[in-house]
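Below: the structure, in structure tokens.
The values are calculated or read from the model by the stated rules, or taken from the named source; none is laboratory data. Note that the structure is a prediction, hence the values are computed from the model and not measured. Counting neighbours? That spans all protein chains shown, and the Cβs are built from the backbone with ideal geometry, glycine included.
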């Protein structure tokens, strides 16, 4: 008997299926039969929610039959029937008004053998998937195009079904033939990506499609720059705001997305989401301790966001003279927070020294801040390694730079322009060199991933 990994991306069968918002109508009674015995004595019923599969309940299997029955109404969505001892599963749709039906299948080939009774949505769903399975099985040329056309034709014939709405969810809107310019095609996709999709409809969350569709929009359609990402994220969250469940999901999911992002500047989007929703009492499900941490992190990020003027620092150099960061006269200034006892600092500093020696002081200066308290050790390391850039210290721990620059680990590197606005942050020497080469020497600038601050001490 063919074994299937039900936790995977469900190949063909997971391509489509879903259903619409839950309301209180008739009770549900879903009968699932196999044409031959299975080892499993239990059938696990699960459902999709965002990017997860969650267990609904477990039912007995008697005489090859699993009966899912209850007095209430099932939440609309895509469900999974999984037979754990056989690693066999099927997907099925639970529509809003059609929760009494039967499914019969051969465990060796669930898709092509599926027989549906009493459910138009599931008939359409399996008609679509059978077509797709057969085309791929026969290695038909242009199978994808044929499947799309077939799916849309089914949806057009049955426009009132949830299957039709899900076809719209899966596929992008048709771009008019009159639009040929690549820039105009992108604009059309950008502004029409969610046409006809209600992000406050909880049923869409109970599908394997919507979460990935939103992430694809943010990662591939929206420009990867802070302002564009912020505007897009806010639009998505606001579009879900009418429903507490969808609002909670998208406000938390997108906050976490940007909190974990390694792409430089995306912390600005984190702050944008916090200020728009978390800082004004719109997220009552967040406990006070967690909310305090979220608000604190956002406030700390604000001081050194990309595009903002770096907080001023005035500290003593090796000769005891006070040196102002904002007083540095150079096209670019690197701010380096470091400690000679930090192993990663000792690996990065020789690389920084090579970069420093490559450019004139009119072009590049380094303002290196010692973050610890052992002055003799600091001075010795500077002498032995001939570090000729600006070296300053705060061994008396009086300056608040540790707070404003949110120093959680070393080295921490920022790059400032001539006006001391932050161009880049949390980067390493290699990334710094590429950014400078792009800006000074005209080389192509690449997308930069930041270095986690907590990983180096």
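Within segment 190-206, restricting attention to residues that are farther than 21 Å from residue 79 by Cα and touching a helix residue (DSSP H, G or I) at 6+ places or on another chain (Cβ under 6 Å), which residue is surrounded by the fewest Cβ atoms within 10 Å (Cβ to Cβ)?
Within segment 190-206, the subset farther than 21 Å from residue 79 by Cα is 190-196.
Checking which are touching a helix residue (DSSP H, G or I) at 6+ places or on another chain (Cβ under 6 Å) leaves us with 190, 193, 196.
Values: 190: 14, 193: 17, 196: 9.
Going through the qualifying residues, I end up with 196.
Looking for whichever is in contact with a strand residue (DSSP E or B) (Cβ under 9 Å, 6 or more places away or on another chain), at pLDDT 95 or above and either in the same structural domain as residue 297 (by TED's automatic domain parsing) or under 25 Å from residue 293 (Cα atoms) (or both) here; the options are 382, 390, 413. Which one fits? Talk me through it step by step, then tell me what you get.
Numbers: 382 fails: either in the same structural domain as residue 297 (by TED's automatic domain parsing) or under 25 Å from residue 293 (Cα atoms) (or both); 390 fails: either in the same structural domain as residue 297 (by TED's automatic domain parsing) or under 25 Å from residue 293 (Cα atoms) (or both).
The unique qualifying residue is 413.
Go through (1) farther than 19 Å from residue 128 by Cβ; (2) over 25 Å from the mean Cα position of the chain (by Cα) and name the single condition residue 200 misses.
Here residue 200 meets the rest and fails (2).
Looking at (1) surrounded by 13 or more Cβ atoms within 10 Å (Cβ to Cβ); (2) closer than 30 Å to residue 99 by Cβ, which one does residue 160 not meet, given that it meets all the others?
Single failed check for residue 160: (1).
Kindly indicate whether any position in segment 186-193 is touching a strand residue (DSSP E or B) at 6+ places or on another chain (Cβ under 7 Å) and touching a residue at least 12 places away in the same chain (Cβ under 8 Å). Outline the logic, then answer.
Here is the first cut: in segment 186-193, the ones touching a strand residue (DSSP E or B) at 6+ places or on another chain (Cβ under 7 Å) are none.
For segment 186-193, residues touching a strand residue (DSSP E or B) at 6+ places or on another chain (Cβ under 7 Å) and touching a residue at least 12 places away in the same chain (Cβ under 8 Å): absent.
Go through (1) closer than 17 Å to residue 128 by Cβ; (2) in a loop (DSSP other than H, G, I, E, B) one by one and return the number of the condition residue 172 breaks.
(1)
With the condition being closer than 22 Å to residue 436 by Cβ, I'd like the helices (runs of 4 or more DSSP H) fully within segment 259-360 carrying at least 3 qualifying residues. Break it down into steps so the answer makes sense when it comes.
On the way: elements: 267-273, 288-303, 343-358.
By residue number, 343-358.
This table checks each residue for (1) part of a helix (DSSP H, G or I); (2) free of Cβ contacts under 8 Å to residues at least 40 places away in the same chain; (3) in contact with a strand residue (DSSP E or B) (Cβ under 6 Å, 6 or more places away or on another chain); (4) in the same structural domain as residue 79 (by TED's automatic domain parsing).
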residue	(1), (2), (3), (4)
121	yes, no, yes, yes
133	yes, no, no, yes
136	yes, no, no, yes
163	yes, no, no, no
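Do you know which residues across segment 200-230 are farther than 21 Å from residue 173 by Cα and in a helix (DSSP H, G or I)?
At the first step, the residues of segment 200-230 found to be farther than 21 Å from residue 173 by Cα are 202, 206, 224-230.
Result: 202, 226, 227, 228, 229, 230.
Does residue 433 satisfy being within 27 Å of residue 226 (Cβ to Cβ), surrounded by fewer than 20 Cβ atoms within 10 Å (Cβ to Cβ), modelled with pLDDT under 95 and in contact with a helix residue (DSSP H, G or I) (Cβ under 8 Å, 6 or more places away or on another chain)?
Working: within 27 Å of residue 226 (Cβ to Cβ): yes; surrounded by fewer than 20 Cβ atoms within 10 Å (Cβ to Cβ): yes; modelled with pLDDT under 95: no; in contact with a helix residue (DSSP H, G or I) (Cβ under 8 Å, 6 or more places away or on another chain): yes.
The answer is no for residue 433.
Per-residue answers, yes or no, for (1) loosely packed, with under 13 Cβ neighbours inside 10 Å; (2) outside any loop (DSSP other than H, G, I, E, B); (3) modelled with pLDDT of 95 or more:
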| position | (1), (2), (3) |
| --- | --- |
| 1 | yes, no, no |
| 17 | no, no, no |
| 22 | no, no, no |
| 53 | no, yes, yes |
| 59 | no, yes, yes |
| 67 | no, yes, yes |
| 98 | no, no, no |
| 103 | no, yes, yes |
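Step by step: first the residues of segment 207-230, then only those that are within 19 Å of residue 78 (Cβ to Cβ) and in contact (Cβ under 8 Å) with a residue 40 or more places away in the chain, then the one that is farthest from the chain's Cα centre (by Cα). Which residue is that? So that I can check it myself, show each step before the final result.
Kept after step one, since they are within 19 Å of residue 78 (Cβ to Cβ), are these residues of segment 207-230: 207-216.
Within this subset, residues satisfying the condition of being in contact (Cβ under 8 Å) with a residue 40 or more places away in the chain are 207-213, 215.
Working: 207: 17, 208: 15, 209: 14, 210: 13, 211: 9, 212: 9, 213: 11, 215: 6 Å.
By that ranking, first place goes to 207.
Outside the structural domain of residue 208 (by TED's automatic domain parsing), farther than 26 Å from residue 220 by Cβ and either surrounded by 13 or more Cβ atoms within 10 Å (Cβ to Cβ) or touching a helix residue (DSSP H, G or I) at 6+ places or on another chain (Cβ under 8 Å) (or both): which single residue out of 147, 111, 175, 167 fits that description?
Values: 147 fails: farther than 26 Å from residue 220 by Cβ; 175 fails: farther than 26 Å from residue 220 by Cβ; 167 fails: farther than 26 Å from residue 220 by Cβ.
Step by step, each of 147, 111, 175, 167 is checked, and only 111 is outside the structural domain of residue 208 (by TED's automatic domain parsing), farther than 26 Å from residue 220 by Cβ and either surrounded by 13 or more Cβ atoms within 10 Å (Cβ to Cβ) or touching a helix residue (DSSP H, G or I) at 6+ places or on another chain (Cβ under 8 Å) (or both).
Please indicate, with yes or no, whether at least one residue in segment 361-374 is without any contact (Cβ under 8 Å) to a residue 60 or more places away in the chain, surrounded by fewer than 19 Cβ atoms within 10 Å (Cβ to Cβ) and either in contact with a strand residue (DSSP E or B) (Cβ under 8 Å, 6 or more places away or on another chain) or not in a loop (DSSP other than H, G, I, E, B) (or both). Walk me through how you get there before you give the answer.
Start the filter on segment 361-374 by keeping residues that are without any contact (Cβ under 8 Å) to a residue 60 or more places away in the chain, which leaves 361-362, 365-374.
Among the residues that remain, those that are also surrounded by fewer than 19 Cβ atoms within 10 Å (Cβ to Cβ) are: 361-362, 372-374.
Narrowing the set further to residues that are either in contact with a strand residue (DSSP E or B) (Cβ under 8 Å, 6 or more places away or on another chain) or not in a loop (DSSP other than H, G, I, E, B) (or both) leaves none.
Scanning segment 361-374 turns up no residue that is without any contact (Cβ under 8 Å) to a residue 60 or more places away in the chain, surrounded by fewer than 19 Cβ atoms within 10 Å (Cβ to Cβ) and either in contact with a strand residue (DSSP E or B) (Cβ under 8 Å, 6 or more places away or on another chain) or not in a loop (DSSP other than H, G, I, E, B) (or both).
Looking at segment 326-337, which of its residues are buried (at least 16 other Cβ atoms within 10 Å of the Cβ) and either closer than 12 Å to residue 419 by Cβ or not assigned by TED's automatic domain parsing to the domain that holds residue 427 (or both)?
To start, the set of residues in segment 326-337 that are buried (at least 16 other Cβ atoms within 10 Å of the Cβ) comprises 328, 330-337.
Result: 328, 330, 331, 332, 333.
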